[in-house]
Every structure is written in C-alpha cells, then in structure tokens.
Amino acid sequence: MREIVLINITGEDRPGLTAAITGVLAQGGVNILDIGQAVIHDTLSFGILVEIPDTEKASSVLKNIQFAGNELDQQVRFTPVSEADYQNWVEGQGKARHIVTLLTRRVTAEQLQRVSSITAKYGLNIDHIDRLSGRVALDTPAELSKGCIEFSVRGEPADPQALRAEFLSVAQELNVDIAFQQDSLFRRNRRLAVFDMDSTLIEAEVIDELAKAAGVGEQVSEITERAMRGELDFRASFKERLALLKGLDVGVLDQIGASLRLTEGAETLFAELKRLGYKTAILSGGFTYFAKQLQAKLGIDYVFANELEVVDGKVTGVAVEPIVDAQRKADLLGELARKEGLQMEQTIAVGDGANDLPMLAIAGLGVAFRAKPLVKQSAKQAISTLGLDGVLYLLGFRDRDGHA
C-alpha cells in the first residue's frame, strides 16, 4: 500500500541540503510528485510531495529524512495527503492561470494585503509569489527605488471587469500599478514592441515645444492636452496646431532636439529588448525629424511619424499626408507584425494618449504609460509609478536577468 506525504523543510540555507534529502529518498525508492524551494534572506523553505510505494518502508524513509534534517540543523514536518486530495490537486492543473504584477517604488504590506484580498474575493488561488525587482539598500531614495512582486494565480475570475476596476481603484489609492494578464505561452514569446514618442519615449510634447518657440505655446498646449485626453479629434487638432507653427525658423528644430530628455528607463528597456531579439518601432503623431534622432540614439528598427514640411528655411504649417493618427498607428502595428511574421499576441504597444488606444487594444500587451485617466482606464495594462523599463516586469523578467 502506497503513502503520499508532503515533506516541509525549513532552516538556514546551506550547500548540499537538497542532495542530502533527495539521496535519502532515493534509497527508499520514492517517487517525487511535486517539489518547490525558496530562499529568503538565507532562510530556506523546501517542500517535496512524495509517493512512497510501500507503507512498510514509509516509517523508515521518514525517520531517515528526520535524521538527515537534524544533522543539517533543519526543521522537518510531515503531512499525510489522501489519494482523494491528491487527485483533486491533479485535476486543478487544467484551470486557467493568470499573472498579477505589482509595480511600485517601495513594496509595503498594505499593498500586498490589498492585492491578495482582491484575488481571493474573485475566486483566484495564489500558487507562487516572486520578487522580480533587485535588492534595494535601505537608504535608497524612493524616486530611485524599484519594486515588483509577481503573483501566479489559478482560476478564472467570476467578473474580470469588476476585478480590473478594483485593481485600478487600489492602484490609484496606494500609488502603485497592478497588472492582470493571462499566463500564456505568448507572455515570454513576444518579439515586436512599438512606442508612441511624445510623453512616452521622451518627457515632452515636441509640438508644444515648437509652439513656445513660435510664440503660440499656451494656445497649442491647451489643444494638445485636450487631444491627448480624447476630447478632440486627433487629425483635426493636429492640423490646427501645425497651422499655428507657420513661419517658424527651421534652426529652432536643432535647439529643441538637443534639449529633449529620454523618459526614465528608456535606454535600459531598449538595450534589453535588443538583447532579447525584439524588433522595435516608433509610431508617433509627432515629427519624423525628432523620431529619427531617437532611432539613432536607441537603435530602433522602424520609424513612422509625421513630416514637418519646410520651405525656404521656414515651417509651412501644412500637414503632409498620411497623418499618423490613432487608426494609422493601429494599422502600422498590424503591418509590422505581418512583415515580421508574428501573431498579434507577440506584440507590445506603449503609449500615453487617446490616439494610442487603438494600437494598445490590438497588441498582445498594451501598456498605457504615465497616461491620461481615460487612457489608463481603457488600456489593458498601465504603468505610472515606474519608468519605461517597468514593461520588462510585465514580461516576467527579473532584474537579475540582465537589466538594471
């Protein structure tokens, strides 16, 4: 008669412990049904679910495990598992799996409590909890700190929309980001990432900077803000803003281009995506002149943006078709995916404005980055607390995998 036993071992981590325990089990002809190990601050938590084929051997095997644990200064606990309970556990492996990712500058107990409570409320069981962010010194300034905790959960939420709404509410209340996505093959197999430029890859709206130089800054900034919030049609507002730039000297472009600052985490993100073999693109309602500068700086593969027409050294204020508007961005994402031989599930899109929503909606991973409220609510995922390299956490990458 066989016995099923869960063996839990805890204590100070030390080399050779796993080999010693499994060596004892090997002598008893034991089958391993499940195994897991975690080390937190040099303290080990080691669990093995075993099937001991012969009841008569069971007491001897477990006694030897207890002896080996004592020799290694470990605490050992045995929990019998019935065959019915084991069968229920096996049948549960077919359930849907999701990933909940918490992103914040500093991880607090309240954040974890709220996230775990919501997952439980919607019938999701937490199987694993992992820290993806690197170790942080205690005196690290909050603005330089990064924290990311990933929950692997099992089950299908009874009301996915209500779940997302609660996560968004808690995220706003506690100044964190909470992402909820299906744990599928594609999560770690994406190969194309496209980005808006203004207020996404760079910290400014270039057209607003040009407007300041042309003496129409406030007028244009107001239109830009309303367009990004989704209150104005992008094409119409773009033409209106561009017309106000008529007569601007082309020499101003170089000055503004030199002053543009990359968004936090941009260089890290693109270096890592390149290392992982991703194709990258700028899909921007801004201007090609500045997008090409970013392309050279970050090693971006494709650039699609609007042309800034110049005649006799002056900006004409006339829009050059085709204008890269919301639908054009989505169309370009689809075209690039087909060109690269990828499924849409293998794409990532990142943007901040209402004109980014169509491409965020069709991408495998759509991320509203430091976005306007309407965009944040409408997008699948949102990052507001960390830099652009926070996108890597949504792909499941740990800081120790290579990015800073």
Using the Cα centre of the stretch 244-334 as origin and beta-carbon charges of +1 (Lys, Arg) and -1 (Asp, Glu), tell me which of Leu253, Val311, Tyr278 is placed farthest towards the positive end of the dipole.
Tyr278
Taking a probe of 1.4 Å and leaving out DNA, RNA and ligands, the stretch 97-182 shows per residue an accessible area in Å² of 51
Tilt, helix 55-71 to longest principal axis of the chain (alpha-carbon atoms), in degrees rounded to tens, equals 70
Per the Kirkwood formula on distinct C-alpha pairs, the Rh of the chain is how many angstrom?
24.2
With all protein chains present, how much of the accessible area of the stretch 97-182 (probe radius 1.4 Å) comes from carbon and sulfur, to the nearest whole percent?
50
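Assuming 0.890 mPa s and 25 °C, estimate D for the stretch 40-138 with Stokes-Einstein, Rh taken as the Kirkwood radius over Cα pairs, in µm²/s.
Estimated diffusion coefficient is 138 µm²/s.
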Antiparallel DSSP beta bridges within the chain, percent to nearest 5:
70
Normalized C-alpha radius of gyration of the stretch 252-327, against 2.2 N^0.38 Å?
1.24
Ordered by packing density, taken as the mean number of other Cβ atoms within 10 Å over each peptide's residues, highest first, how do 134-143, 40-49 rank?
40-49, 134-143
Simple SL model, points at 7 angstrom along Cα→Cβ for Asp183 and Ile32; separation in nm is 1.9
Determine the share of the stretch 1-71's accessible area contributed by carbon and sulfur atoms, expressed in whole percent, with a 1.4 angstrom probe.
52
Suppose all protein chains stay in the model; what accessible area per residue would a 1.4 Å probe give for the stretch 256-404, in Å²?
38
Ile300 accessible area, nearest 10 Å², 1.4 Å probe?
10
Within 10 Å, Cβ to Cβ, of Gly217, how many net charges do the neighbouring residues add up to if Lys/Arg are +1 and Asp/Glu are -1?
-3
For the stretch 3-92, one quarter of the surface area of the C-alpha convex hull, expressed in nm², comes to 5.7
Got a sec to turn the phi values of the stretch 354-362 into Karplus ³J(HN,Hα) couplings, 6.51 cos²θ - 1.76 cosθ + 1.60 with θ = phi - 60°, whole Hz, x for Gly and Pro?
4, 6, 9, 4, x, 6, 5, 6, 9
Whole-number accessible area per residue in Å² for the stretch 45-87, which is evaluated in the context of all protein chains at 1.4 Å:
59
Whole-Hz ³J(HN,Hα) for each residue in the stretch 131-137, computed from phi via Karplus 6.51 cos²θ - 1.76 cosθ + 1.60 with θ = phi - 60°, x for glycine and proline: what do you get?
8, 8, 6, x, 5, 10, 5
At a temperature of 37 °C and a viscosity of 0.692 mPa s, determine how fast the stretch 97-182 diffuses translationally according to Stokes-Einstein, using the Kirkwood radius over alpha-carbon pairs as Rh; express D in µm²/s, rounded to the nearest whole number.
248
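The values are calculated or read from the model by the stated rules, or taken from the named source; none is laboratory data. Since the model is a prediction, treat every value here as computed from it, not as a measurement. Note that we place each Cβ from the backbone using ideal geometry, even for glycine, and neighbour counts take in every protein chain shown. Keep in mind that these areas ignore ligands, DNA and RNA; they rest on the heavy atoms of the full protein, side chains included. Shrake-Rupley method; radii C 1.70, N 1.55, O 1.52, S 1.80 Å.
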